1. Identify all lysines with a Cα-Cα distance to K90 below 17 Å; exclude those on the same chain that are fewer than 8 residues away in sequence.
2. Where a ≥ b ≥ c are the square roots of the eigenvalues of the C-alpha gyration tensor, would you call the stretch 1-46 rounded, which needs a/c under 1.5, or, failing that, prolate if a/b is larger than b/c, or oblate?
3. For the stretch 164-307, rounded, prolate or oblate, judged on the Cα gyration tensor with a ≥ b ≥ c (square roots of eigenvalues), a/c < 1.5 rounded, else prolate if a/b > b/c?
4. Calculated FRET efficiency, D200 and D325, Cβ-Cβ r, R0 41 Å, to nearest 0.05?
5. Based on Cβ point charges of +1 for Lys and Arg and -1 for Asp and Glu, what charge dipole magnitude is obtained for the stretch 58-166 about its Cα centre, in debye rounded to the nearest 20?
6. Along the principal axes of its C-alpha atoms, what lengths does the stretch 35-120 span, in descending order and rounded to whole Å?
7. Beyond 21 Å, how much of the Cα-Cα pair distribution for the stretch 143-212 remains, as a whole percent?
8. Give me the percent of the accessible area of the chain that comes from carbon and sulfur atoms, probe 1.4 Å, all protein chains in place.
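The values are calculated or read from the model by the stated rules, or taken from the named source; none is laboratory data. Keep in mind that this is a model prediction, so the values were computed, not measured. Cβ atoms come from the backbone with ideal geometry, glycine included; neighbour counts cover every protein chain shown. Heads up: the accessible areas ignore ligands, DNA and RNA and are worked out on the full protein's heavy atoms, side chains in. Shrake-Rupley method; radii C 1.70, N 1.55, O 1.52, S 1.80 Å.
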Amino acid sequence: VDGYEAATKVTGGKFVNEKLSGIFWALGKATSDNFEVSGGTFNKSVPSSYFADGLTCAKNSDGTYGIATAIAQVDSTRYTSLQAAITAVKKAGKTVQLLNDTTENITIAANKQITLDLNGHILNGGTGTAKATILNKGTVTITDTSAGKTGTIKRDDQGVSGETSYYVIDNNGTMTIDQANVFNNSGSKGSSLIRNGGVDATSSLTINGGTFEQQNFIAVKNDSNGELTINGGTLTSKQSVVQNWNKARILGGNLTGGYLWTDSWTEAGTVGETIIRGDAQISGTVTAGTIYMDVTSSDPSTLKIEGGKLNVTSWRVTPAAAAVDATIAVSGGTFTAAVPESYCAAGYAPTANADGTYGVEKAVTVNFESNQ
């Protein structure tokens with residue numbers, strides 16, 4: 001009836017309906033919003049839209065249906081696990097939203113195209129199972145619509161001797177991270193925080209925002225056939241902040257702590273091509289701030305620095321990389337220490353800026369023709 005709010009609340013009891021298709025029926029202008037189920041058992045499944053916030057329907061061992069904590073939601077349908085919600089998605093472009101913290105190892109299949117909204121909650125992949133928290137083979141955008149942006153993807157590895165760690169995110173498809181806090185504590189013989197690629201098909205990872213921290217091992221490993229683009233976010237590690245084996249573009253964000261590593265090796269799909277430009281900031285610590293180049297094949301790796309702000313205190317090109325003419329070509333950017341002349345791009349020379357920083361500028365060539 002217009003002007004009146006009707007509500008039916010069910011907190012317990014046993015409901016059996018052998019005739020009609022459902023337990024509840026919304027009459028006239030009523031909807032499922034007029035019902036709030038938080039208890040009871042039913043002989044038929046009840047749509048999750050009838051349940052109180054954070055709850056949904058689950059099948060009991062005796063064949064009846066009861067109450068369970070809702071972990072994720074797609075449209076108005078709630079699910080008792082994030083994996084169940086992802087598996088249920090049939091149409092491209094759907095959003096899967098976390099409703100509560102969960103400990104799961106999820107797989108996004110190749111035929112899925114979804115948005116994963118962390119919604120301020122924690123997705124924890126546990127430890128010791130040698131499974132990533134997220135294995136993506138499809139197309140996924142990860143975001144967090146919560147006000148505090150506290151949504152987190154993690155594992156519980158502790159970096160201890162003999163521990164079996166694994167990736168927090170293993171991307172074998174197309175992934176865009178707009179906002180997420182990704183964390184693990186894998187030890188120096190463990191697994192990268194994020195791996196992009198490492199399979200026969202091209203894997204694409206774009207990072208636009210969020211925080212990514214793994215202090216004692218690689219933060220982001222761009223493996224064979226991986227294409228990595230970093231536009232924003234904060235990446236932190238005392239070891240390798242980014243280890244690139246194929247194609248990486250660092251156009252923004254703040255990379256703090258350890259090595260920026262460019263490499264190429266014998267496996268197909270590795271060219272070791274790194275480009276830095278735009279607003280990227282690379283900040284070293286007392287023991288880091290290192291540009292590192294190596295090869296494990298006869299193919300040269302390449303690093304082009306065309307912009308950004310770099311607190312780089314060390315440039316390391318291994319003898320193997322130098323032997324195959326791996327190149328560093330600096331044509332832009334500002335540095336806290338002078339750029340070695342041998343690493344300037346063709347036509348550029350080192351320069352000291354008025355503010356105490358360093359960079360490169362177009363070189364001027366003067367030719368002298370002796371005439372007494």
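1. K112, K137
2. Details: a/c = 3.10, a/b = 1.57, b/c = 1.97.
Oblate, since a/c reaches 1.5 and b/c is not below a/b.
3. Working: a/c = 1.21, a/b = 1.11, b/c = 1.09.
Since a/c stays below 1.5, the shape of the stretch 164-307 is classed as rounded.
4. On the way: r = 28 Å, r/R0 = 0.69.
Between D200 and D325 the formula returns 0.90.
5. Working: 11 positive and 9 negative charges, 92 e Å.
About 440 debye.
6. Principal extents (largest minus smallest coordinate, Cα): 37, 25, 24 Å.
7. 33
8. Values: 8550 of 17840 Å².
Summing carbon and sulfur atoms, their accessible area is 48 percent of the total for the chain.
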